[in-house]
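For reference, the structure discussed in these notes is given below.
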Amino acid sequence: MTTRPQSGSARPRPSRVFRVFAIPGFARLLASEALFDIGAVARTAAQSWVMYDLTGANLWVGIVSGMRSIPILILPIFAGAIADRFDKRKLLAFVRIGLATVSIVQAILLTLGIIQPWHMLALALAAGSVVAFAMPTFWAYLADLIPERSLSRATALVMMGQNAGEMVGPVILGWIIATAGADFAYAVIAGIYLLAALFLLNSPKGSYAVSDPESDGKPSYYESVKQGIAYARKSPVLPWLFIMNCSVNITGVAIFPLMPEYATKILDVGAVGFGVMSTALGVGLAIGSITIAITGMPKRVMPLIIVTSFIWDFGMIGFGFSRIYPLTLFLLFAMGVAGMIWVNAMINLYQREATGEMRGRVMSLYAIGMGLFPLGWTFGGTLSALIGNEMTVIVSALGGTPLILLAMLLTPGLRRS
């Protein structure tokens, strides 16, 4: 004789967060993306450290980072069209292998002692050309794997994996540079990228559209790009999302090219302290991701975007005036929490505006905006050379919260979002 279990003794269902891991291929993709971000963050930090060591100028630190933005301004819209039609796993593996190759070249130049600033600029341009394919392809592939009902939580988990790189990458990098040199650090970064590519092998194909671009009835790449642009222009929300994303990533990241100088001259904490500063930001980013993964995204996300923009802007100003290392670490942590919630909310708005067949092209607009992040380093480094560090962070904050408030005022669709 069997009896029905009492409601109080029923086995609890797993959290919605953990159910996402049961989706085939998600765990492998998450591991690959976490490794990719460890490599990306470590490579960015190594690039700024080496360039500052070569030139001693914040301006050059900003310029070398800005070089990556040149192809990212041009290529993602084409990458989105390609991602909508071909095997996204192969494109993502190509990105990881390409960045490993660039890192190996940098390691060789450093080992031989012949690296020059122009080498750093050229390799940054090459890396940016490869990275331009990463973001629209990744977000489109994630949507191929994950059912729509689980997509927002999967996005938050991915951001958690990415932010593991924000925590681990800079500390490892600072320790390696301090003990073994920047050349060995770049060799380690190359190995991380190759391992990330291996995780994509045997992953599910998802619902990507494998097609012959010349077959009957299929639009050309040029037509596919035009369709994506027309789709975005007809949306009452996407143009303002694009403007907001671009502005924040140009003006809102001015502190990053200043961090090597603050670590070495203002706070006097050296290479390891520089890594810990980046890690404090990364820990905050991880906490922000965990918060969204557990709570989910609210139905209306624009109020959340405004609050987190406000926290980021005032944290950036506080960083510029701080001369106390623990306070600096706390401000970076708070900025990380707010920044990650902001990014998740922005991705959520883009996903709401994208249909399945247009997702790669719509997410390419997000990729272009986020790809301006290195140009923000150029903006910050240049402004610092002209008006000083403290005025730089004040001016930079004006491109964040004020613009978002203006966008809400002018766009009824955003006020309802």
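Given their separation in residues at 0.36 nm each and the Cα-Cα distance between them, Trp118 and Leu54 gain 22.0 nm when the chain is fully extended. As a fraction of the 1.4 Å probe accessible area of the chain, surface on carbon and sulfur atoms comes out at 68 percent.
Which helices pass in the chain if a helix is a full DSSP H run, must span at least 27 angstrom along its long axis by Cα, and must have mean Kyte-Doolittle hydropathy not below -1.0?
Length and hydropathy pass: 26-55, 88-112, 151-179, 270-295, 302-321, 325-353.
Working from the Cα coordinates of the stretch 237-394, the gyration tensor eigenvalues give, after taking √(5λ), semi-axes of 29, 18, 13 Å in decreasing order. Computed over the Cα atoms of the stretch 62-144, the ratio of the radius of gyration to the Kirkwood radius (Rg/Rh) comes to 1.06. Per residue, the solvent-accessible area of the chain (1.4 Å probe, heavy atoms of protein chains only, all protein chains present) comes to 42 Å².
Around Met408, what is the net charge, scoring Lys/Arg as +1 and Asp/Glu as -1 over all other residues with Cβ under 12 Å from its Cβ? Result for the local shell: +3. Inter-part distance, the stretch 220-251 to the stretch 260-301, computed on C-alpha centroids, equals 29 Å.
Positive-end ranking of Gly413, Trp312, Phe199 along the dipole of the chain, with charges on Cβ about the Cα centre, is headed by Gly413.
The Cα-based radius of gyration and maximum Cα-Cα distance (Dmax) for the chain are 21.5, 84 Å. Give me the net charge of Glu353's neighbourhood, meaning all other residues with Cβ under 11 Å from the Cβ of Glu353; Lys, Arg count +1, Asp, Glu -1. So the surrounding residues net to +3.
The values are calculated or read from the model by the stated rules, or taken from the named source; none is laboratory data. If you're wondering where the values come from, they're calculated on a predicted model, not measured in any experiment. In this analysis, Cβ positions are derived from the backbone assuming ideal geometry, glycine residues included, and neighbour counts consider all displayed protein chains. These area figures cover heavy atoms from the full protein model, side chains too; ligands, DNA and RNA do not enter into them. Shrake-Rupley method; radii C 1.70, N 1.55, O 1.52, S 1.80 Å.
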